[in-house]
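So the structure is just underneath, and the comments pick up after that.
Coordinate-derived values only; no laboratory data. Values in this document were obtained by computation on a predicted structure and should not be read as measured data. Cβ: placed from backbone, ideal geometry, glycine included. Neighbour counts: every protein chain shown.
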Amino acid sequence: MKHSCLGKRTKETIKRLNIMFKKKYVLASMMLLAGLCVQAGGKKELHILSANDMHAAIECMPRVGFVADSLRALYPNLLVLSAGDNRSGEPLNDMYEIPAYPMVALMNIIGFNATTLGNHEFDSGQEGLAKLVSMSAFPTLCANVQPDAKWNMHVKPYQVFDCGGIKVGIVGAVALGAMGIPESHPKNTVDIKFTDPLETLQQYQFLRKECDVVLFLSHLGFESDVKVSKDLPWVDIIVGGHSHTQLKGGEMHNGLFITQNKNRLACVTHTTLTLEDGKVVDRQAENIAIRGGKNENKVVRALVDYFSQNPAFYRVLAQVDTPFECYEELGNMMCDAYVQEGHADLSFQNPGGVRYETKPVGGFTVADALRLDPFQNEAIELQLTGKELIDMMKKCYDNDNQGFPYVGGMKVDYTVDPATKALTKVVLYGEDGKKLNLKKTYKVITNSYTVAISTTNRKDPGKGIGKITAQLVMDYLEHQGHVSYQGSRRIFRH
């Protein structure tokens, strides 16, 4: 699906907007170089506004723009940062003519100063990501990513801002999953080298000697940030993302100040670092609510309205009769869609591919379906024995943050070792309550990402059916007319 207002007019508008954004960035850069500090009583303050895991919540960006403007009125040299995953979650952004361009445009006009790469930045593919980086009026900082030169991807490991006598060094890094790459489709990371985040960061200790403030812009997740903090005594603050952890302002761990917020712009963080004699002597942070706020930047609102001009996204596919109250209920609905629309016996879905947790009673729209499954993964048909299916589900569990897949056409009992969280037993049951035959062959539908992360010795590598899984979900909803999955449970942990 593409944006409805495309063609020559859109391309000309994008060109004009890019020129405007670049002019705005020059002015912002001049302000930044004028100094990132205010002086009071011999002390200096650095003010930071940070967001993480925005996931294309473009409806919130006018409010972010207002907050940034308000803080700049008080602190003209405000530093605005993103800890990654700026895209993937809103079809108006992710399925635009240039995928994910709207978020780049909105971040440009708001005046972001830097971002790191989240794993979902790779959802654009290598060429798409390179294009987005080139369109950004701010640097993309990620030290443990080394793209092949053929991609022309201008990602930098770090940048030093010399700000009115205060030097601020910012270095970025992205988390690597069990496969040694960021958690995106493996095809999107071909010919990009990834290195261990902590080992790579240690190469930038020289920033401590060069800078008054060293900031790690992290897409590792809160637990990982806490873990690595003991090995980063040369860093002053971690602005984090990836785990969607809502902190109350910030927390101190091993002498390091760490901030992070819930995903999709529930709030942002305003951090104040106080420096004396070139050293950080105090750290304070507060959360600022974004969702529910009334004041907006009118220019950003106008741009959001422009990007939102596609009525096709708001078409109602079905009515939700009882609310969806957890990920499994939505995952079960997706798996039923794969079975029915793919004419399959069974199906399964990696849990990380179910992108929101609840859905109230009311209309289920095209946009709702695309937000639920935004990755445009192809539906894959496999002929699997019961044993081969279990092997694939085990591998999916291992490579998708140890979350057991959601299923269709069956139920599952599984056992996990409490110490290692490793799967020790998996038993599959048909809808009739009988165990599935481990030697019998079943027609199974899943998505292309799940196939890519679930490599096993199965005989059938799988074949695409010519539709993305989100289309199967939309077809299923239209054919059902009404859906109710409240209380639906199919996977049971022991």
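Table for the structure above
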quantity	calculated
Whole-number percent relative contact order across the range 315-493, with pairs defined as alpha carbons under 8 Å at least 6 apart	38
Degrees separating the helix 101-110 axis from the principal Cα axis of the chain, which is the longest one	20
Computed helical MRE - 222 nm, the chain, DSSP H runs ≥ 4 contributing -39500 (n - 2.57), nearest 500	-9000 deg cm²/dmol
Inter-centroid distance (Cα atoms) of the range 206-239 relative to the range 366-421, Å	35
Cα-based Kirkwood hydrodynamic radius, the chain, one decimal, Å	23.8
Farthest positive-ward along the chain dipole, Cα basis, beta-carbon charges - from PHE375, LEU256, VAL281	PHE375
Degrees separating the helix 327-341 axis from the principal Cα axis of the chain, which is the longest one	50
Estimated FRET transfer efficiency when R0 is 30 angstrom, pair PHE492-LEU438 (beta carbons, to 0.05)	0.95
Distance violations [Cα-Cα > 22 Å] among LYS209/LYS262; LYS411/LYS463; LYS425/LYS467; LYS434/LYS459; LYS131/LYS262; LYS387/LYS435	LYS209/LYS262; LYS411/LYS463; LYS425/LYS467; LYS434/LYS459; LYS131/LYS262
Between helix 469-480 and the chain: long-axis angle, C-alpha atoms, 0 to 90°, nearest 10	60
Efficiency of FRET between LYS193 and LYS227 - r from beta-carbon atoms, R0 25 angstrom, step 0.05	0.60
The chain: relative contact order in percent, alpha carbon pairs under 8 Å with at least 6 residues between	15
Computed Kirkwood radius, in angstrom, where 1/r is averaged over Cα pairs of the range 315-493	16.2
Partner aspartates and glutamates for LYS294 [C-alpha distance under 17 Å; skip if fewer than 8 residues away on the same chain]	GLU59, ASP69, ASP305
Mean Cβ count within 10 Å, highest first, over the residues of peptides 328-336, 365-373, 188-196	328-336, 365-373, 188-196
Residue-by-residue Karplus 3J(HN,Hα) for the range 347-356, coefficients 6.51, -1.76, 1.60, Hz, glycine and proline x	7, 8, 9, 4, x, x, x, 9, 9, 8
